[in-house]
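Below: one structure, written as structure tokens.
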Amino acid sequence: MDFTLSDEQTTLKEVLRDFFEKKSPEAAVRGQMADPSGYDRGLWRQMADQLALPGLTVPEEFGGAGFTFVELGLVVEEMGRALVVSPFFASSVMATGLLVALNDPDANAEYLPKLAGGELIATVALAENSGSWQPVDVSLTATETAEGWILSGHKSFVLDGAVADLLLAVARAGRRIGVFAVDGAAGGTTRMPLHTMDQTRKQARIEFDATPARLIGTLENGCRAVETMLDHASIALAAEAVGGHGRVLDMAVDYVKMREQFGRPIGSFQAIKHKCASMLVELESARSAAYYGLYAASHGDPEVAQLASLAKAFCADAFLGASGENIQMHGGIGFTWEHPAHLYLKRANNIRAFLGDSDFHRRRLADLVGI
């Protein structure tokens, strides 16, 4: 299998890196961390109007570009490298991916063009207080009434849940699992921002009290669509981890070539060389795992579930380890609020925990392969 990028994909990465380096410098990231909305609306409009990123994988019939999951992964990788603060992952990876998987013609015609144009921001509300991301553990209840469906219960750790215009809530209707669209301004909905370690990625708790909702797809295909979305989103998180890993490696190498001790750069010391070499080996291994997952997701590989858990666990752990080593190699300055190293460490911790931690994904992988 050849993971060499095409000329078009290479150009896409180059354009994105240049764009995000200019539009998401450290000062901008810190400013968005302090903003309750958690993102720059001007940047979001530029991502939609100039680069058409929100609609990258939306089918062309619904106003999107119709690209594959490989291209989406390259976008997320570059966003991870620049630590871009935006609702892209929640809206363009998770919510859009779930709608496509549900394959509801009416819902697709209503929502996908707006998502592709960046006019609508959506998110998926799945996990609850237990912290489980598995649809079988959902307890939010959906009840069908004469006026339509209503939801009762709560959701936690909803990515960009405080600002999303559309909530795709996963709920239980008897023994079956369905996905329900909820207008962000619907009555009976209370949204509470959560205080999390990674301030560049806002999360919220959402309470539903007889909230009116619309069933998307059917109760027969809801669970499978959610599982497909989770696999694809886990692979995208792995690609994001690769981008962040590459940035902290560059950050560490640049510093050890400049910082001197005993009259020589500390990068000339064997112990530091070993650390940098190990970070590079882990990075290349992580990139291989993530790209393999992206390829599998794009081609409908039957082993995509196994590859998703493999990539998520390995890439998240590799990024977390590299982020810690970067801080250590920077010494005292690396532990300060003013230095950006801690921002990547926090993002690495977020990636490791989101959609199931590495221990969960290793157990899942072992179950899937029959170990």
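Close Cβ contacts (under 6 Å, 6 or more residues apart or on different chains) running from residues in segment 6-29 that are loosely packed, with under 14 Cβ neighbours inside 10 Å to residues that are not polar (S, T, N, Q) comprise E26/P340. A Cβ distance below 8 Å, combined with a sequence gap of six or more or placement on separate chains, defines the contacts here; from segment 252-263, residues that are closer than 16 Å to A277 by Cβ and open to solvent by 70 Å² or more (accessible area, probe 1.4 Å) reach no residue that is of a type in the set (D, E) and part of a helix (DSSP H, G or I). Of the helices (runs of 4 or more DSSP H) entirely within segment 268-371, those holding at least 3 residues that are open to solvent by less than 20 Å² (accessible area, probe 1.4 Å), closer than 25 Å to M251 by Cβ and not aromatic (F, W, Y) occupy 270-298, 304-330, 341-353. For segment 216-230, a residue qualifies if it is open to solvent by 10 Å² or more (accessible area, probe 1.4 Å) and not hydroxyl-bearing (S, T, Y), and the qualifying residues are G217, L219, E220, N221, C223, R224, E227, L230.
Residue check: is S152 modelled with pLDDT of 95 or more, among the polar types (S, T, N, Q) and open to solvent by less than 30 Å² (accessible area, probe 1.4 Å)? Judged against the criteria, S152 is not a match. Scanning segment 157-213 for residues that are open to solvent by less than 40 Å² (accessible area, probe 1.4 Å), among the polar types (S, T, N, Q) and not in a loop (DSSP other than H, G, I, E, B) returns T189, Q203, T211. Could you tell me which numbered condition Y39 fails, if it satisfies all but one of (1) modelled with pLDDT of 95 or more; (2) assigned to a loop (DSSP other than H, G, I, E, B); (3) of a type outside the set (G, A, S)? The failed condition is (1).
The values are calculated or read from the model by the stated rules, or taken from the named source; none is laboratory data. Keep in mind the model is a prediction, meaning the values are calculated, not measured. Every residue, glycine among them, receives a Cβ derived from its backbone with ideal geometry; neighbour counts consider all protein chains shown. When the accessible area is computed, the model is the full protein with side chains, heavy atoms only, and any ligands, DNA or RNA have been set aside. Shrake-Rupley method; radii C 1.70, N 1.55, O 1.52, S 1.80 Å.
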